[in-house]
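Asks: Can you read through this structure? Questions will come right after.
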Number of protein chains: 2
Amino acid sequence: MEKIFELINFDERGFVVAIAQDVKGEVLMVAWMNKEAIEMTLKTGKMHYYSRSRKKLWLKGEESGNFQFVKEIYIDCDGDALLFKVEQKGGACHEGYYTCFFRKFEGNEFKIVDKKIFEPKEVYK
Amino acid sequence: MEKIFELINFDERGFVVAIAQDVKGEVLMVAWMNKEAIEMTLKTGKMHYYSRSRKKLWLKGEESGNFQFVKEIYIDCDGDALLFKVEQKGGACHEGYYTCFFRKFEGNEFKIVDKKIFEPKEVYK
């Protein structure tokens, strides 16, 4: 497992950018990972991130059940970003959408262009 | 144009994460933008980033001619990441590949899974 770290350039805080993209191509979210998040992701096959606001490891879906199952992992040329192709259970976004990128810039403002697939109040209690 | 900034949460350095994805679905690169990079991107229709290493605005393709023409712009739920769907001229990666994510984690190591489409030495002089 340690060989994955050879090419990763963690920033001065120990983080690397992680993009989750569903296997069909839709970009779902961007978050941060530290070494532990990467280790747990590899070990379990489920995306783990590092929450900068809560300052702790975060299993995506731990509360909602909306896990992301890892299918493929890529690294960029500089080693400071990882791309995870995943199967998304339910929706990725805590606001109830499939993707966190549910707002599109149109006519000089961001407009919601997606439909909610779950009601956050019913999922996060 | 200013309305685009209402939802963007720049970090303490004044940056926001920007993902470029080609219109067919392939994730090309991740970089940073500041306010000026976003303004120039909107004004010209070509991706501009902020280079943290060179500490300056950077028109993607300024040297290589490999411009990214913006087709759609999305923002994530937290407002700290932007997703640009682009048409990529040539290749996005300064190492000569179409995408910067040309290495895949397989059998406990990252392996190059893409083919070079240009020779960097011939493009960056």
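None of the figures in this text is laboratory data; all of them are computed from the coordinates on show. Note that the structure is a prediction, hence the values are computed from the model and not measured. Neighbour counts run over all protein chains shown; Cβ positions are idealised from the backbone, glycine included.
Asks: Of a type in the set (D, E, K, R), surrounded by 15 or more Cβ atoms within 10 Å (Cβ to Cβ) and either under 25 Å from B:W32 (Cβ atoms) or more than 9 Å from chain B (Cβ to nearest Cβ) (or both): which single residue out of A:D22, A:D11 fits that description?
Replies: On inspection, the qualifying residue turns out to be A:D22.
Asks: Report yes if B:D78 is among the acidic types (D, E), within 14 Å of chain A (Cβ to nearest Cβ) and in contact (Cβ under 8 Å) with a residue 24 or more places away in the chain, otherwise no.
Replies: Spelling it out, B:D78 is indeed among the acidic types (D, E), within 14 Å of chain A (Cβ to nearest Cβ) and in contact (Cβ under 8 Å) with a residue 24 or more places away in the chain.
Asks: Of the conditions (1) without any contact (Cβ under 8 Å) to a residue 24 or more places away in the chain; (2) within 14 Å of the chain's Cα centre (by Cα), B:G107 fails just one. Which one is it?
Replies: (2)
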